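Heads up, the thing below is written out as structure tokens.
The values are calculated or read from the model by the stated rules, or taken from the named source; none is laboratory data. Keep in mind it's a predicted model, so treat the numbers as computed, not measured. Positions of Cβ are generated from backbone atoms using ideal geometry, with glycine treated the same way; all protein chains shown enter the neighbour counts. Calculation scope for accessible area: heavy atoms of the full protein, side chains included, ligands and nucleic acids excluded. Shrake-Rupley method; radii C 1.70, N 1.55, O 1.52, S 1.80 Å.
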Amino acid sequence: MARAYVTRRVHFNAAHRMDNPDKSGDWNRTTFGKCNSPNWHGHNYVLEVTVAGTPDSETGYVMDLSELKQIIQERIIAKCDHSNLNMDVDFLRGVLPSTENLAIAFWQQLEPALPEHSLHVVRLYETERNFVEYRGE
Ligand code: NI
């Protein structure tokens, strides 16, 4: 069966602070640099969500992209856009908001809302040059 990969790209802007409360202030400053800034700082995040499957015989679609758009909007963007990722987002409570941990948390939010086994990869860009992929392993 032919398998195709369909991606939706979205943007959001959010503040975060990388700070491990189990470690000293020095350790946090050295380890996280400007991402440890006590007064927070922002990133222009880009999120790409890829679903995979066999195109439906009647629609030719793996998935209706407007449906994927709506799921990402409700589960991620509505909660994270223009938010403080450390404080404002219910599903990120207690999560150290590295790009890696955010990608994993976003997967966990999206996967149950999508057709079974269809989510292929969550790719999160913290900057144009730095991004993380999570594939559910
Ligand atoms: Ni940062």
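Miscellaneous remarks
- Test set (1) away from the ligand (no atom under 16 Å from the Cβ); (2) of a type in the set (A, V, I, L, M, F, W, C); (3) touching a Phe, Trp or Tyr at 6+ places or on another chain (Cβ under 6 Å) - Ala78 fails condition number: (3)
- Any pair with Cβ under 6 angstrom, 6 or more apart, that starts in region 71-86 at a residue that is within 14 Å of Arg17 (Cα to Cα) and open to solvent by 20 Å² or more (accessible area, probe 1.4 Å) and ends at one that is among the aliphatic types (A, V, I, L, M) and modelled with pLDDT under 95: none
- Residue within region 101-112 that is part of a helix (DSSP H, G or I), more than 22 Å from Cys35 (Cβ to Cβ) and touching a Leu at 6+ places or on another chain (Cβ under 7 Å) present: yes
- In region 31-57, the residues that are surrounded by fewer than 16 Cβ atoms within 10 Å (Cβ to Cβ) and within 16 Å of the ligand (Cβ to nearest atom): Thr31, Gly33, Lys34, Ser37, Pro38, Asn39, Trp40, His41, Gly42, Asn44
- Number of residues in region 26-80 that are under 18 Å from the mean Cα position of the chain (by Cα), basic (Lys, Arg) and farther than 20 Å from Ala105 by Cβ: the value is 0.
- Checked against the criterion of being within 16 Å of the ligand (Cβ to nearest atom) and either at pLDDT 95 or above or open to solvent by less than 60 Å² (accessible area, probe 1.4 Å) (or both), the candidates Leu92, Leu110, Leu68 yield just one match: Leu92.
- Filtering Asp26, Asp19 for residues that are surrounded by fewer than 18 Cβ atoms within 10 Å (Cβ to Cβ) and more than 19 Å from Tyr134 (Cα to Cα) leaves a single hit, Asp26.
- Counting only residues that are more than 16 Å from the ligand (Cβ to nearest atom) and farther than 30 Å from Tyr61 by Cβ, region 1-30 holds 7 of them.
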